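So the structure is just underneath, and the comments pick up after that.
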Amino acid sequence: MLPRSPAALHRPTASNPDKTTPRALTPMAFVRAIVWAYERRGMAPSNALSVAQIPPQLLHRPEARITAAQLERLSDHAMRELDDEALGWFSRRLPWGSYGMLARASISAPTLGVALKRWCRHHGLLTDDIGLQLQVADGLASVIVTEARDLGPVREFCLVSVLRNLHGLGSWLIDSRIPLLAAQFPFPTPAHADVYPVLFPAAAPARFDAGQTLLRFDARYLDLPLRRDEQALNQMLKHALPLMVQSYRRDRLLMERARQLLLTQPQQTHNAERLAALLHISARTLYRHLHEQGVTLQHLKDSVRRERACELLLRTHKPIKQVAEAAGFQNEKSFIRAFRLWTGLTPAAYRRQHTGHAIAGAKNTPTHLRQ
């Protein structure tokens, strides 16, 4: 069994930003979708609502909200009582343990990419009402959901839950936050659209009335190795909530993504706030991640600047002033001072000392460095 609530909605406390307290943000539309599953089977949802401490009268109040913990208790009870982990989404039930079986088929994968491909392929063995596909193009990975039939009144709950489960599973498998670049859905903007930035925190707001359902993220995460084993999986399947509720603080690719931005956008990454904004995190989070990896932002910036400056000096004929600007320095004087600290030489002396190497390697210089 895998986590079932699409609404892991918590917020930091003022006294300790790392601790969370539950907020009643989960829309009543998700509760009504579970109640509809009961009605479809000719069963009463009263026991499940009671377990979750949800007064039945709230069902008729569209503006009402419940906590993530309440929805977890409701869905857990409903899955067991209905013996359907899909909660009525599909034309046939998915008996208890179905998603756990998919997780076991993925846990032995060498990388996240292989694991997600297995998940998508094997999901089609459980139901053909929807299809899952992982596509990679131009450095971006997209998980796409296609609908083979009308999902009816549970369409939103189904699509949101399927993507939340897959995103949560991926993060759990590599023990890392996977920042989303985009999330889009084919249905109209729901009345509770304000909850989507919490469900799918992405670089851009969730799109509705889109041509297809998908999540998009940096494809480099697909190459990360899995950090979970069979024992961890067994434990997770007993206690499914952490996969959906846990906020993954660690981002195993953040250092690489930061280096890439410093290298490709030097003029837009002069300070922590601007770099953090491009990474779609706070400056505080950026500092924390770097500290956990034993690196300071200044050290990272110096490393990237030095790498780019040396490359430009050896592989191009750019004037020193242009090299300084391309390496992210505000002026030539500060660049010369920093370069002397790095190498013991001025940029001009460094270039003269390596002129032969520069000529020999010029033919293989990347286009963006020769300009």
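Nothing in this text is a laboratory measurement; each read-out follows from the coordinates by a stated rule. Just so it is clear, the model here is predicted, and its values are computed rather than measured. Cβ sites come from the backbone with ideal geometry, for glycine too, and all protein chains shown count toward neighbours.
Assorted remarks:
- Taking the chain as a Gaussian network of alpha-carbon nodes connected by springs under 10 Å, the highest mean-square fluctuation of the residues Asp84, Asp223, Asp76 belongs to Asp223.
- Taking Leu112, Leu222 and counting other C-beta atoms within 10 Å, the order from fewest to most: Leu222, Leu112
- Across the chain, the convex hull enclosing all Cα atoms gives 166 Å³ per residue.
- When you count the other C-beta atoms within 10 angstrom of each residue and take the mean per peptide, 55-68, 207-220 line up highest first as 207-220, 55-68.
- Mean Kyte hydropathy of -1.0 or more with a Cα span along the axis of at least 24 Å, helices from DSSP in the chain: 155-174, 297-315
- Using 0.36 nm per residue and subtracting the Cα-Cα separation, the extra length available between Arg104 and Leu341 on full extension is 80.0 nm.
- In nm, spacing of pseudo-spin labels at His291 and Phe187 (7 Å Cα→C-beta vector): 4.2 nm
- Modelled FRET efficiency - R0 22 Å, His354 with His299, Cβ distances, 0.05 increments: 0.35
- Separation of the Arg274 and Leu140 label points, Cα + 7 Å toward Cβ, nm: 2.5 nm
- Förster-model FRET efficiency, 45 Å R0, Gln260 and Asn47, C-beta, rounded to 0.05: 0.30
- Peptides ranked, highest mean first, by Cβ atoms within 10 Å: ranges 116-126, 40-50: 116-126, 40-50
- Placing R0 at 56 angstrom, the Cβ-Cβ distance between Arg92 and Ala283 gives a FRET efficiency of 0.70 after rounding to 0.05.
- The chain - mean residue ellipticity at 222 nm from DSSP helices (-39,500 (n - 2.57) per run, n ≥ 4, rounded to 500): -14500 deg cm²/dmol
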